[in-house]
Structure formats: structure tokens, C-alpha cells
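Remarks on the structure that follows.
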């Protein structure tokens, strides 16, 4: 069945406009844009919506109504959070509201077999907001020190002298601070949350597979953010501080997160193939022996 215009398109269009407006307000039209990684949260929303694309497409096709009561509860909670986030304003609360709104639309407009997707959206938003964004504030300081010291050693050994003093890097006429966002802790917890949620998808994975994948989150996030800091220092030295601390800063943050996520997906695929390929080989060998 092709996707044609249905009444369900209007609430999804409204949700899209609210999301785009929030993303623009907290990134492009935010005076502090480029000094933090707030835009990562909107990337995560897009990824979670992509994971649940089947339920969204089903609602756009008008394949039947779902659980109106559950949908209404989620939408009501979403609007309360959204209004609260706008009044104070608190970006985290507003982001959280978008997950509840999407869950409400999925629950109300998609067939009942997609009801689990709505609850997954609520779980994803709650886990990512609390584990993926609030927790990093508690653990970032020491990691930022390590990232600063390591990046200074790498650049000094290969390109030009860089001195680290705590989280401050000094090079040429410039100085740069390795903030909590640059330390990679935001990425670590966001990737951990997404990795756990991602395991919901597809075939069953063995316990050791899950353990290894989650254990890889820390080194992957740290390494990608280490190279991000190095790239920012190089951009500052060769292009200028205004360029490096502006849009380029936030762009590298998103790029580091996407690269880290792609790396984890590759590790997941390699781990899965390591035992499924072996199993297929054993089945083929067994079949050959039967001939």
C-alpha cells in the first residue's frame, strides 16, 4: 500500500514543526550555539524515530487506529512537559516532551500491534535524557583532563607545540578549553543508552555479545572525542578561533557522535557475524557429511 494523504498526517506534521522549531531555537538561533553539544539530542531523536519508522509509516498509511487512551495519556504528558520546558525554559524537559508526543501519536494513530513502539519511545526518551545527558555532568571533569593532556601530547609530537594546563590547551597565540561536552562524556552516556535500546532491534544477541558491545562504548566515545579536540585545535591554529568555536565546533560534535555510533554498529555486525558465520559453516560441513 502506498503512502497517501490521511488525517493522521496533520498531527505528525504539527509534531515535525514543533521539533524543527525547537531544534532551530536551541542551535542555529541560540547565542551559545557552538559551545555545547545540545544538538546531539536532536540527532538522537531522529535516530530513535528511525528505529520506530515502521509504526510511523503505518500511521501515515492510515492502516487503522490504535490505543486512543494510551495515546492521549502520552500526548497529555508530552504537552505538559513541553509547556514546562518553554516556560522556564529548560531544554532537557522540552526534548523529553518530544519523545512523549511521538509516543502518543504512535499509540493513537498506528495499529495496536505497534503499541510496544509507543512504550519504547517513552523509555528511550527517559533513558536518554536522564542517563545520556544529566549523568555526564557528574563524571566529566577527570575525563576532560585526560583528553586535554593526551591531545596536547599527540599534537606536540607531530605538528606544533601545545601545552596543557588542566583542561586548558595553549598553542601559538591561542588557548582552548576542553569542556565537559568535548570530553566525550555526553557521547559516552548517550551511546550507552542508544546501544542498550538498539539491542531491542533485529535478531537475538548472545549475552557476551551484548557485554562486549556495551563495553566498547567507553573507548569508542573517548577516541572519537579525542580526535575531535585535535581537529578543533588544528582548525583554530590554521583557520582561526572564530571559525573553530562557531558552527564548526558543533558540527564536529555531531560528526564525532555519528562516527562513534557507526563504529559501534560495525562492531555489533562483526560480533554477530563471528558466531553466525561459524554456525553456517558448521551446518554446511554437516550437510556435506550427510551426502
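Throughout, read-outs are computed from the coordinates displayed, never taken from laboratory work. Bear in mind that the values here come from a model prediction, so they are computed numbers and not experimental data.
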(request) With just the Cα atoms of the range 51-161, tell me how far they stretch along each of the three principal axes, in Å, largest first. (result) 64, 32, 18
(message) Taking only the Cα atoms of the range 208-277, how large is their convex hull per residue, in Å³?
(response) 72
